[in-house]
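See below for the structure under consideration.
The values are calculated or read from the model by the stated rules, or taken from the named source; none is laboratory data. Computed from a predicted model, the values in this text were never measured in an experiment. No Cβ is skipped: glycine too gets one built from the backbone with ideal geometry, and neighbour counts run over all protein chains shown. Heavy atoms of the whole protein, side chains included, go into the accessibility calculation; ligands, DNA and RNA do not. Shrake-Rupley method; radii C 1.70, N 1.55, O 1.52, S 1.80 Å.
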Amino acid sequence: MEECQITLIHPGETPTEDERTSVFAQRNPIGRDEFQSAGVNGYKAEAQFVIWASEYDDQPELQVGNKRLTIYRTYGARTDGKMELYTAERVGNHGR
């Protein structure tokens, strides 16, 4: 588990039109069961990020460092007011 800053993204028609929101998150590794479950649905699971639920507005993507990931599943809000974002590598998303 590590603390990091991520950028939540609502994609626009072009990358310059993307709506971006930077938030702090806790990055957790993906477990074997989650990796397998994601693979059945056609995703290559990358990481789980935990953020405050109030900061999430159904963004379908996020960026961490130089890596842009698809949010394929969410869980929450939990009792502590946070939610979990499960991410996978992007494959052919919007031609970018």
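The residues of region 50-81 that are open to solvent by less than 50 Å² (accessible area, probe 1.4 Å) and in a strand (DSSP E or B), listed by number, are VAL50, ILE51, GLU61, LEU62, GLN63, VAL64, ARG68, LEU69, THR70, ILE71, TYR72.
Can you pull out the residues in region 1-20 that are of a type in the set (Asp, Glu) and in a loop (DSSP other than H, G, I, E, B)? Passing the criteria: GLU13, ASP18.
Within the bounds of region 21-41, is there any residue that is surrounded by fewer than 16 Cβ atoms within 10 Å (Cβ to Cβ), on the phi > 0 side of the Ramachandran plot, small (Gly, Ala, Ser) and part of a loop (DSSP other than H, G, I, E, B)? Within region 21-41, not a single residue is surrounded by fewer than 16 Cβ atoms within 10 Å (Cβ to Cβ), on the phi > 0 side of the Ramachandran plot, small (Gly, Ala, Ser) and part of a loop (DSSP other than H, G, I, E, B). Against the condition under 23 Å from THR79 (Cβ atoms) and either modelled with pLDDT of 90 or more or surrounded by fewer than 15 Cβ atoms within 10 Å (Cβ to Cβ) (or both), how does ASP18 come out, does it pass? The answer is no for ASP18.
Within region 1-15, if we keep just the residues that are over 14 Å from GLY65 (Cα atoms) and surrounded by 11 or more Cβ atoms within 10 Å (Cβ to Cβ), the residue that is modelled with the lowest pLDDT turns out to be PRO15.
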